[in-house]
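The values are calculated or read from the model by the stated rules, or taken from the named source; none is laboratory data. Here the structure is a predicted model, which means the values were calculated and not measured. Neighbour counts are summed over all protein chains in view; Cβ atoms, including those assigned to glycine, are modelled from backbone coordinates with ideal geometry.
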Amino acid sequence: MFVTIEGPEGSGKSSVTKKVTEMLEKEGYCVVLTREPGGTPISEQIRNVILDKANTKMDGMTEALLYAAARRQHLVEKVWPLSNEGKIVISDRFLDSSLAYQGGARGLGIDNILSLNHFATDGYYPDLTLLFDIEPEIGLARIAANASREVNRLDLEKIEFHRSVRQTFLGLAKRFPDRFVVLDASKPFDEVVLNAYKTIKDRLSKCK
Ligand code: TYD
């Protein structure tokens, strides 16, 4: 089973997912938590280029191609082999981030980014996508309050960019209702953890 975790900046998705992974592991499930861009040494190198604050001249299409390249390598080296072993793979961000950030907010077009990614992923889609929905104002304020989180090149975009990311994510949830579940990420941490945990468990039992 391949689960992806999506959402705007500061939605708390990474900490919630870490906690949910621990809960599933304690119950004996074989779960692997990974992330994009990154997850393998080559993809982490690509990540450094994409997120480097010094790369102010990066073209939007270059950005989209680099995310897709990092994704391809991550699938080939990690996601596909682990899935074939029967593991539950949970990825902190995947394809829908490219659709929301590059397709929507950067204005490159969702269908263009979808076809670019179709090539990169051989048309591989997640079984389940949890969307941690939050208003960008709240998400960005959380980031600002968290001194240990490093600010990256995309965090520095204007508020309109982040609003567009959120709206595109919500549109994607409507377009792909079979795999998307929207969670209210403005709720208290423990509540979001429980909702995310229940959603994944529900799909796991349906798969058996
Ligand atoms: P990261 O530090 O992992 O942020 P977060 O904790 O919010 O996940 O940085 C990833 C950044 O890359 C984030 O701003 C979202 C962006 N991104 C894209 O624009 N397109 C993509 O395809 C992916 C995977 C991420």
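Here residue 105 meets each of (1) farther than 25 Å from residue 16 by Cβ; (2) crowded, with 20+ Cβ neighbours inside 10 Å with one exception, condition (1).
Looking only at the range 122-153, residues that are within 13 Å of the ligand (Cβ to nearest atom) and part of a helix (DSSP H, G or I) come to 5 in all.
From 62, 40, which residue is of a type outside the set (Phe, Trp, Tyr) and touching a Ser or Thr at 6+ places or on another chain (Cβ under 9 Å)?
Numbers: 62 fails: touching a Ser or Thr at 6+ places or on another chain (Cβ under 9 Å).
Unique residue meeting the criteria: 40.
Being small (Gly, Ala, Ser) and modelled with pLDDT under 95: is that true of residue 10 here? Spelling it out, residue 10 is indeed small (Gly, Ala, Ser) and modelled with pLDDT under 95. The set of residues from the range 50-60 being within 13 Å of the ligand (Cβ to nearest atom), over 16 Å from the mean Cα position of the chain (by Cα) and within 23 Å of residue 114 (Cβ to Cβ) comprises 58, 60.
Only helices (runs of 4 or more DSSP H) wholly contained in the range 1-83 count here; list those with 2 or more residues that are touching a strand residue (DSSP E or B) at 6+ places or on another chain (Cβ under 6 Å). Steps first, answer last, please.
Numbers: elements: 13-26, 41-51, 60-74.
Because the criterion is at least 2 residues that are touching a strand residue (DSSP E or B) at 6+ places or on another chain (Cβ under 6 Å), the helices (runs of 4 or more DSSP H) in the range 1-83 that meet it are 13-26.
Considering only residues of the range 115-165 that are within 22 Å of residue 177 (Cβ to Cβ) and β-branched (Val, Ile, Thr), which is surrounded by the fewest Cβ atoms within 10 Å (Cβ to Cβ)? Per the stated criteria, the residue is 121.
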